[in-house]
Each structure stands twice: as structure tokens, then as C-alpha cells.
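The structure appears right after this line, and notes come after that.
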Amino acid sequence: MRRLINRRPGRGMAASLSMLPFILVVCAYLYYSHARLLENPGDKLLPAPTTIAATVHRFAFEEDERSGAYLFWTDTRASLQRLLVALSISALGGLCLGLAIGVLPYLRAAVAPFVAAVSLIPPLAILPILFIVVGLGEVAKVTLIVVGVAPIIVRDLAMRTAELPSEQIIKAQTLGASTWQLVIRVVLPQMWPRLIDALRLSLGSAWLFLIAAEAIASTEGLGYRIFLVRRYLAMDVILPYVAWITVLAFTMDWLLRMLRAKAFAWAAPQ
Amino acid sequence: MTMRRWNFSRRTGWRAGLAILVLTLGGVGPALAAAEKTSFNVAWTIYVGWMPWDYADQSGILKKWATKYGIKIKLTQVNDYIESMNQYTAGMFDACVMTNMDMLTIPAAGGVDSTALIVGDFSNGNDGVVLKGKGKKLEDIKGQKVNLVELSVSHYLLVRALAGANMRERDLKIVNTSDADVVAAFATPSSTAVVTWKPQLSAVLAMPDAQLVFDSSKIPGEIMDLMVVNTATLNANPKLGKALVGAWYETMSVMFKNDAAAKAAQAAMAKASGTDLAGYTSQLATTRLFATPADAYRFVTSESVVKTMDLVRQFSFDHGILGQGASSADVVGIQFPGGKTLGDTHNIKMRFDPTFTKMAMDGTL
């Protein structure tokens, strides 16, 4: 008798098994939606699939009467733009600072404890300060994400840099490398894949901060729409938006994973 | 190694899926049909006009009235106003406090037949439009960015203010801003106009450059604060209505008696809402609480309530918050005292019912 831990599903079996929870959730949704609608045809909590489809059509493919925009796409573009700008700033800043902290002992002594402290401040708790410093516009939203995400990337990269085998660093020095050459030729190339890993891990919190930022003061965005229609329990809008956010987040994660596999094949995860 | 990791994540995935399934099955079952019962759940949120509910609970007044009618009433404070109404609409509460506009757009538009059991007060200056710059007038709002909670009573107040000044919403730009952040927003140079309610309004007006240009005392009676009960539950259990109304007006008589006990009651309400007696008194000054059932009865049976609800439903329809598939403002029927109605009479989902208030007035509770 083979042990349970050694019995593995085949490819097809694995695929269908992975679909099973999704199918079960959809079935449960359909059942309870139907039951609630039978009791109250106006129920908004679990709208029927046809209602959701009609809403998606209205948001994605019909002009909004008041603004003349296609709300779904305007929201998506606004949110993605904020997210990408913030992630780029966080990644670039995190890479530079993290690398510097990891390589230069003086800088590490001066900055590392401060970055550690900053990374522990919950950004949402200091919103009023953020408002005063950067205003209420796009900058505020991007800043909130950066404040939430960048310190973690900095710390991660600093630690990864410090983890590099000291043999490598010594060897480069015996070959006559200056600090600058060492950073550019030895450390930096090894940090690129680490940066992608750090970015992937911080995607979740980046989305969280994006939604929070859009709930505060905005006129468009995926998070803005969700918080707006929550005022009248329009689950027919909220549910497709949540699904769409999941798809976008998953796609971004997948793209980063592909980028890492293609561009840094030598650093394949064990 | 790779295989093991794969295996592990598969199992976590399974567990997560199962957890979601269990939550779905357990959490969102169909609401139970209304029937006679003896224990009721009532939700409330912190607001000047609803603090008496907390006092009624803490002081034992509510329990006394519930016991009189042989029922139990559990009063629950919900931290998030919107969430309290959503929970009520989903069937988790038998009654909930809310404004007349939210009652129309959340439970009533959501198909939950609801009755305004008690019209507790109306905002009489508690909501206001504020511009930056002393001496500014409402007309100066043209072209500005306005921070407010979109689709809320603030939004409604702004639209009413604009209508009076021959402007339209497209003359300015509305920026949806959470009520928790509106004070901090106004403190920044980028925000020049806000619409909000007390206590935030008081904090905004305390800033040196703030100028109040419009407030709800100019549209008296249009923003009402209600105790809303599920109609089916109320019909099956009139004693719930009697107990709530009885407790409410006893609390009113305690807090407006002009004696030490009244001061103590108001101080308790102030403390529970996170302010002091002076702050609470200033909020009460701009809130027209109906101190007696006769007072409330006169208001709710007046013609003005019909006019107000007509304005409110038109606003709600224009802003698309009567829901998907609403072809006109008539889609939700509203019933008033004396049999008057607005909208679809086959789909009455919002009712003003002064029966119980009348009982309190006649002393027959």
C-alpha cells in the first residue's frame, strides 16, 4: 500500500482537481443567489449572473451618461497607472538604497535602523501628515503605496546583499575592483532577480494600499468605484470589480515570474 | 524538491477553497421569513440624533419597555454606518438607524420592505457647505473641487444648494472623500471646498479660513434621521414597534426635562459619542430632535415629507443609485401617512408609519 504522501495526481487529474474549489464556490454562489432572489427579487447581496453581466456590459461597453466615459476602463487605467508608477519608484529606490545599505557599512550603521523603524509605521495611521506634505492628488496616492511598499523592498535587498558570499567580494577585490566596480559588476547583477522576488511579494500590499488610497479622496479608480457603490450595496458592481482586480494582480505576478525565468534563468529558484 | 513544494501548495489551496466554501455556506444563507418571535436585533451607529438609543440601552429604559411587552431587544453598535445598513438589508438586523435618503437607496431599493417607525429628528444646520476664504459666498464654489462623501446626504445637500443658486453639478468637480478624512483634507492647501456633517463640520469651521456658505437649516426637514424596521417583522411583531417607540419617547422626556438628570443623560450621550457636553450641546443645537410624540406626529403627517421624498428620489434616480434596471424614479413605491403614495403602488418598499407614534401621543402604549 503506497503512502498517501507518495500518491500524486496525473496532469489531467491535477488540472481538474485545481478547478474543483472554484466550481464549488460558483455553485454555492448560484444556489444561494437563487434562493435569496426567490424570496426577494430585489435582493442586492447576491445578484443573479444575468444582472452581473448586464452591469459589466453597462460599465465596460456603454458610455456613462454623466461623464461620457467608459467607467470600467477609466477606473482600470487610473488604478494601474498609480500602481505602476508607485511600484517603479519603490523598486528603483528600493534597489539603490538596499544595495547601498548592504554594501557600505557606514551607511548601514546610519540608515538601516531608521528604515527598519519606518517600515513598521502603518502608513494609514499617518494619513493627515501625508495630506499636509503631498496634498490630496495623485501624488498622495502614489506616496501612500511607496511608503507602504518601499521600506520592505529596501530591507529585503539590503539583507540579500549582505548574504552574498564574502569569498566573491574578496575575490573581486584581489582582482583590483573598486567599490563602484564591485557594486556594478558583482552585486547588482545578482540583485536583479532578488528585486523581482521582492516586488512579487509586495504586490499584495501594493494593491491593498492602492485601494485604501482611492477610498480617501479620488474621482476614479477601481478602489474608488468599490467604495462608492458600497454606499448602496451594489454587489453587481463590486463582485466583477473584485474578480477583475484578482485577474490583474495575478497577471502582474505571472508577468514578473516569466520575466525572472526568461531574463535570469541562471538564478532559477531551487 | 520542486514536487514537494507543489504538493504543499496544492494542499494549502484546497484548504483555502474549503474555507471559502464553508464561509459561503454558513454566512450567506437565505434570510429567515418573518414570523412571530421574542428576541430582536437592532443596529445603531454613533450620530448626535441616535445617541439617545445608546442611553436608552445603558440606562435600562429599553429593557424596561422590552420586558413590558415580553420581548428581548439587543442593541448593537456598528462602527461603520454604511455597513450597518448593508447588514440590515442582508437580514442580519430587524431594525437599524439611518437617514431617509439612505433608507430609500439601500434597503428599499434593495427590495427589503422597510418602515420608518420613528422620525427622531431632522438636520437643522448639522450638515454644511464650507469654502476657504472669509466672506466667500455659495456662488464662489463655481469651478472648484469639492471634497465630500459622494452619494451621501452631503452630496444631496450640495445639489440642493446649487439648485437654489442656479448652478449645476457640472459647474464644479466632486472629489469623493471619506468622512473620516474630510477634516484633514480641508487642512491642506489643495482642498478649497468641503461638504460634511457634524462633528467633522465643527472641526472644519474651527479652522481660521473657513466660511460656511450653506447649511441644512436652509432646507429644514429634508435630511431626517430615522429608526427603520423591517416591515414584515413589524407586522408580525407589533410589540417590537411599541417597545422601541415607548423607550424612545421616555428617553426624550428624560433628556429634555431641564433638570440635573437631563444634564447627566446628555453628558452620558456626549461621552459615548467621543465628545464633551459642550460639543454635544452644540450638535444638538443644529439638530431638530422631536422631544414629544405629538411633535414628531405633526411633522411626519405633514405634506412636506412627501415633497422631500419626491426631491430625494429624483436625486437618487439622477445619480443612478436606485439600482440597475431602474427606469424612472417611480420604481420604488413610497407610502405616507393617510394613504398617500409616490411611485409604483405595486412595489411599495418604503413606508412612513406614525401608528405607534400616535399611540405614544395618546398614552396608550
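Residues checked against (1) modelled with pLDDT of 95 or more; (2) touching a Ser or Thr at 6+ places or on another chain (Cβ under 7 Å); (3) over 17 Å from residue B:153 (Cβ atoms):
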residue: B:7; (1), (2), (3): no, no, yes
residue: B:26; (1), (2), (3): no, no, yes
residue: B:29; (1), (2), (3): no, no, yes
residue: B:38; (1), (2), (3): no, no, yes
residue: B:63; (1), (2), (3): yes, no, yes
residue: B:68; (1), (2), (3): yes, no, yes
residue: B:71; (1), (2), (3): yes, yes, yes
residue: B:91; (1), (2), (3): no, no, yes
residue: B:106; (1), (2), (3): no, yes, no
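Here residue B:241 passes the criteria (1) more than 14 Å from every other protein chain (Cβ to nearest Cβ); (2) closer than 30 Å to residue A:131 by Cβ; (3) modelled with pLDDT of 95 or more except the one numbered (2). Checked against the criterion of being assigned to a helix (DSSP H, G or I), within 13 Å of another protein chain (Cβ to nearest Cβ), at pLDDT 95 or above and surrounded by 14 or more Cβ atoms within 10 Å (Cβ to Cβ), the candidates A:86, A:35, A:91, A:28 yield just one match: A:28.
Flag not set for residue A:107, criterion: more than 10 Å from chain B (Cβ to nearest Cβ) and either among the small types (Gly, Ala, Ser) or in contact (Cβ under 8 Å) with a residue 24 or more places away in the chain (or both).
Inclusion of residue A:144 among residues that are under 20 Å from residue B:190 (Cα atoms) and in contact (Cβ under 8 Å) with a residue 40 or more places away in the chain is warranted.
Checking the stated criteria, residue A:124 turns out not to satisfy the condition of being in contact (Cβ under 8 Å) with a residue 12 or more places away in the chain and either surrounded by 18 or more Cβ atoms within 10 Å (Cβ to Cβ) or closer than 27 Å to residue A:257 by Cα (or both). In this structure, residue B:213 does not qualify as closer than 19 Å to residue B:114 by Cα, among the β-branched types (Val, Ile, Thr) and at pLDDT 95 or above.
Checked against (1) in contact with a helix residue (DSSP H, G or I) (Cβ under 8 Å, 6 or more places away or on another chain); (2) not in a loop (DSSP other than H, G, I, E, B), residue B:84 passes all but a single condition, namely (1).
Figure legend. Inter-residue proximity from region B:335-358: first residues on the phi > 0 side of the Ramachandran plot, second residues β-branched (Val, Ile, Thr) and surrounded by 14 or more Cβ atoms within 10 Å (Cβ to Cβ), beta-carbon distance below 8 Å, spacing 6+ or different chains. Indicated pairs: B:338/B:301; B:343/B:331; B:343/B:332; B:343/B:334. Considering region B:313-333, and only residues there that are within 10 Å of chain A (Cβ to nearest Cβ), buried (at least 17 other Cβ atoms within 10 Å of the Cβ) and assigned to a helix (DSSP H, G or I), the residue that is farthest from the chain's Cα centre (by Cα) turns out to be B:331. With the structure loaded, tell me whether residue A:200 is assigned to a helix (DSSP H, G or I) and within 30 Å of residue B:87 (Cβ to Cβ) or whether it fails that test. So residue A:200 fails the test.
Beta carbons closer than 8 Å, at least 6 apart along the sequence or on distinct chains, pair a first residue in region A:46-72 that is within 8 Å of another protein chain (Cβ to nearest Cβ) with a second that is of a type in the set (Lys, Arg) and buried (at least 19 other Cβ atoms within 10 Å of the Cβ) for A:46/A:36. In the set (1) more than 12 Å from chain A (Cβ to nearest Cβ); (2) of a type outside the set (A, V, I, L, M, F, W, C); (3) free of Cβ contacts under 8 Å to residues at least 40 places away in the same chain; (4) touching an Asp or Glu at 6+ places or on another chain (Cβ under 8 Å), the condition left unmet by residue B:208 is number (4).
Quick one: in region B:286-311, of everything that is of a type in the set (Gly, Ala, Ser) and surrounded by fewer than 16 Cβ atoms within 10 Å (Cβ to Cβ), which residue is farthest from residue B:250 (Cα to Cα)? Only one residue fits best here, namely B:304. Quick check on region A:6-19. Is at least one of its residues more than 9 Å from chain B (Cβ to nearest Cβ) and within 30 Å of residue A:225 (Cα to Cα)? Checked region A:6-19: at least one residue is more than 9 Å from chain B (Cβ to nearest Cβ) and within 30 Å of residue A:225 (Cα to Cα). Count of region B:234-244 residues, restricted to those that are farther than 19 Å from residue B:269 by Cβ and crowded, with 24+ Cβ neighbours inside 10 Å, is 4. Could you tell me whether residue A:239 is assigned to a helix (DSSP H, G or I) and in contact with a strand residue (DSSP E or B) (Cβ under 7 Å, 6 or more places away or on another chain)? It is false that residue A:239 is assigned to a helix (DSSP H, G or I) and in contact with a strand residue (DSSP E or B) (Cβ under 7 Å, 6 or more places away or on another chain). Entry remark, region B:165-181: residues being at pLDDT 90 or above and closer than 21 Å to residue A:133 by Cβ number 2 in total.
For region A:191-238, the set of residues classified as more than 13 Å from the chain's Cα centre (by Cα), within 26 Å of residue A:99 (Cα to Cα) and hydrophobic (A, V, I, L, M, F, W, C) consists of A:191, A:192, A:195, listed by residue number.
Within region A:19-40, identify whether any single residue is within 19 Å of residue A:237 (Cβ to Cβ) and in contact with a Phe, Trp or Tyr (Cβ under 7 Å, 6 or more places away or on another chain), and answer yes or no. Within region A:19-40 (the criterion being within 19 Å of residue A:237 (Cβ to Cβ) and in contact with a Phe, Trp or Tyr (Cβ under 7 Å, 6 or more places away or on another chain)), the answer is no, since none of the residues qualifies. Could you tell me which residue of region A:208-267 is nearest to the other protein chains (Cβ to nearest Cβ), considering only residues that are surrounded by fewer than 19 Cβ atoms within 10 Å (Cβ to Cβ), within 30 Å of residue B:187 (Cβ to Cβ) and not charged (D, E, K, R)? Of everything passing the filter in region A:208-267, A:219 is nearest to the other protein chains (Cβ to nearest Cβ).
The values are calculated or read from the model by the stated rules, or taken from the named source; none is laboratory data. Because the structure is a prediction, the values reported are computed rather than measured. Heads up, the Cβs are rebuilt from the backbone with ideal geometry, glycines too, and the neighbour counts pull from every protein chain shown.
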